[in-house]
Amino acid sequence: MRILFVSSEAYPLIKTGGLADVVGALPPALHKLKADTRILLPGYPSVLGKAANLMPIAKLDYLPQIGNATLLQGEMPDTKTPIYVIQHPGLYERDGTPYQDSKGLDWVDNPLRFGILSHVAAVLGSGFSPLEWKPDILHCNDWQSGLAPAILHFFNTTRAKTVLGIHNLAYQGNFEDAWVGLLGLPPQSYQPAGLEFYGRLSFLKAGISYSDAMITVSPNYAKEIQTAEYAYGMEGLLTAQSGKLHGILNGIDSTEWNPKLDQYLIHSYDRTELVKKSANKEALQNSLGLEIDPIAPLLAVVSRMAHQKGLDILLNCASSLIHDGAQLAVLGSGDPILEYGFNQLAKAHPGRVSVTIGYNEPLSHQIMAGADIFLMPSRFEPCGLNQMYGLAYGTPPVVRHTGGLADSVHDFGASAPNEANGFVFEKTTTLDFLAATCRAMKTFHDKKAWAKLQQNGMKQDLSWESSAKKYLAIYRELIS
Ligand code: ADP
């Protein structure tokens, strides 16, 4: 079975969120199950700089607007998963993130940059591919490669079966309809049963309309996106296509996110030596300028600061939690209003609140190990990885009952004693969140109950293996 993953991110080459973690970890997990998996990525500077053994293997001709580009082949630096990289300096070799410039504005030519990614993916999945290696499955991910199933659909040649991975339906890639012509898409594809979404070209809708199967990142989110509350106008479409929609909970990369093997920790530990977790707490308090206080429940957030993540709710009640004895460590960046709010909070509570604005991979691991309680008051969360990292690190999460959080976190009190692994609240309100966090803080002081909660989380099999088997089963069904 040959599978080509198409993605705008893959850890450790380029990452802005959970998509990168999934594309970094799922292909090697499938490889362990004997699948031949490869990844197609745009040639951003960090991809060109970090990938191993990159070399040109083909010239890609007849690409819309840009004419041609070079296809490179190489490997992921650690897992050795083979990768293909589209090299085109004008499109991809820029400062900033894959999606935005250094001022936080979307690149105006994003439709072209990801239209080309989709176009190249479609070519590699078709009989027109310049490569001998031809995939059975083209597994696209999110809007950035959503056009590929549509382009492939209109090619008159043999083709791979297409899968659309939906990691977050809130990002749809909707652009001016002029892009239909500019990207060389067939005019007949631009209609409500195709690429058109309320008068605009929608990359995500293209993937939904033309893929052979869709897989989203948790069973609960697969249900939620068929409702108006979570689907941003696409609920009708997704309900109509629900026969090809699946939900598989993400795993975690248990070499990267394992407190026993974690390269960023001074004190590694597993569930038989939780006392060493306290040493990580002390090291974290020290490095963040928090008071060294083993008794204070250390609450933590590592997150994009976006409306989705519900961090405004935490801001509403953070002072009250601090007055109740908590400390708070926050790492994240995004919405300037939230960044400002958290910076003000840190100023108001020196020694009790630490706020780091920015992206910091080592610190994210140190927080996961050193904190006591991980906070995720998300309004929606397709899967969420941080709550699972929290479980693996003995840092029970407080989460809202939504998406993959509902699938992976079982409330202390409402679940069987051997299953409870965190704290769950229902409504996106300060009151509900505060009540759940206070319950967590109270339980933290009950040493026996807390140890049981930590053990339950750390014992869970969160690895990719069982999820990868479910992906394989869907691929097999598609090509049988
Ligand atoms: P999303 O994909 O919506 O951002 P997930 O929980 O699925 O949320 O994944 C987020 C990933 O990004 C996790 O690996 C998390 O540790 C990481 N992350 C988010 N913000 C930061 C940050 N500021 N610094 C380091 N890692 C971060």
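The values are calculated or read from the model by the stated rules, or taken from the named source; none is laboratory data. Note that the coordinates shown come from a computational prediction; the quantities given were computed from them, not determined experimentally. Positions of Cβ are backbone-derived with ideal geometry, glycine not excepted, and every protein chain shown enters the neighbour counts. These area figures cover heavy atoms from the full protein model, side chains too; ligands, DNA and RNA do not enter into them. Shrake-Rupley method; radii C 1.70, N 1.55, O 1.52, S 1.80 Å.
Our analysis of the chain gives Rg over Rh at 0.98, with the two radii drawn from alpha carbon positions and Rh computed by the Kirkwood formula.
Per residue, the accessible area of the stretch 320-444 comes to 34 Å², computed with a 1.4 Å probe over protein heavy atoms only. In a simple Cβ point-charge model (Lys, Arg +1; Asp, Glu -1; nothing else charged), the stretch 275-461 has a dipole of about 280 debye relative to its Cα centre.
For the stretch 402-469, the Kirkwood hydrodynamic radius comes to 13.0 Å, computed from all pairs of different C-alpha atoms.
Taking amide H atoms as placed 1.01 Å from N in the peptide plane, the amide H of THR356 lies under 5 Å from those of VAL330, LEU331, GLY332, each 5 or more residues away in sequence or on another chain. For the stretch 53-158, how big is the tail of P(r) above 22 Å, as a whole percent of Cα pairs? So the portion of pairs separated by more than 22 Å is 34 percent. With R₀ set to 60 Å, the beta-carbon distance separating LEU182 from ILE292 gives a calculated FRET efficiency near 0.55.
So if a site counts as exposed when it's one of the trypsin sites (Lys or Arg not before Pro), its DSSP state isn't H, G, I, E or B, and it has at most 15 other Cβ atoms within 10 Å, what's the longest stretch of the chain without one?
Numbers: sites that count: LYS34, LYS80, ARG94, LYS103, LYS260, LYS427.
Within the chain, the longest run free of exposed trypsin sites (Lys or Arg not before Pro) spans 261-426.
Semi-axes of the equivalent ellipsoid for the stretch 1-126, computed as √(5λ) from the eigenvalues of its C-alpha gyration tensor and ordered from largest down, come to 22, 18, 13 Å. Note on ASP324 and ARG94: the extension gain reaches 78.1 nm, defined as 0.36 nm multiplied by sequence separation minus the Cα-Cα distance. Over all pairs of different C-alpha atoms in the stretch 275-461, the reciprocal of the mean inverse distance, the Kirkwood hydrodynamic radius, equals 16.0 Å.
Working note: Karplus 6.51/-1.76/1.60 with θ = phi - 60° gives the stretch 13-24 the couplings 6, 7, 8, 10, x, x, 3, 4, 4, 5, 6, x Hz, where Gly and Pro are set to x. Remark: spin-label model distance ASP61-LYS459 equals 6.3 nm, labels positioned 7 Å along the Cα→Cβ axis. A run of the chain free of exposed loop cleavage sites, with GluC sites (Glu not before Pro) counted only in DSSP states other than H, G, I, E and B and at most 14 other beta carbons within 10 Å, reaches its longest extent at 292-418.
Taking the charge dipole of the chain about its Cα centre, with +1 at Lys and Arg Cβ atoms and -1 at Asp and Glu Cβ atoms, the residue from THR272, PHE444, TYR221 reaching farthest to the positive side is THR272.
In a simple Cβ point-charge model (Lys, Arg +1; Asp, Glu -1; nothing else charged), the chain has a dipole of about 720 debye relative to its Cα centre.
Each 10 Å bin from 0 upward holds the following percent of the Cα-Cα pairs of the stretch 231-322: 12, 25, 29, 18, 13, 2.
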